[in-house]
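Have a look at the structure below, then the notes.
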Amino acid sequence: KPRVVLSAADTDVIKTYVREGFGIGIIASLAYSATSDSDLQIRDLSRLFPWEVTRIAYNRDKYLRRYEQRFIELMQHMVADDGVFLPEVPGLRRG
């Protein structure tokens, strides 16, 4: 079983951890640059992680402006049109 000691959501932070010798990191393939990351060794893990995860984050304690609500709604519809289930967003007004 893997022993996770450090975790980060930012790929630049993960790559820095690896460069500093803290272990290995798992990042999305789009986050790797053959030019600027040539010092890092990469392996294809698409068998284990066949999807890229993207999330919309917002502060649940703050009011969402109408344009922010609309953006989230548009993303939900786009993902739904691709046949992917996207759960309701708590606090998002409808109508």
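The values are calculated or read from the model by the stated rules, or taken from the named source; none is laboratory data. Only a predicted model underlies this, so the values are computations on that prediction, with no experimental measurement involved.
Observations on the structure shown:
- Residues of the range 15-30 that turn out to be in a loop (DSSP other than H, G, I, E, B) and charged (D, E, K, R), as a count: 1
- S38 meets all of the listed conditions (1) in the same structural domain as V4 (by TED's automatic domain parsing); (2) modelled with pLDDT under 85 but one, namely (2).
- Odd one out for A57, checked against (1) modelled with pLDDT of 70 or more; (2) part of a loop (DSSP other than H, G, I, E, B): (1)
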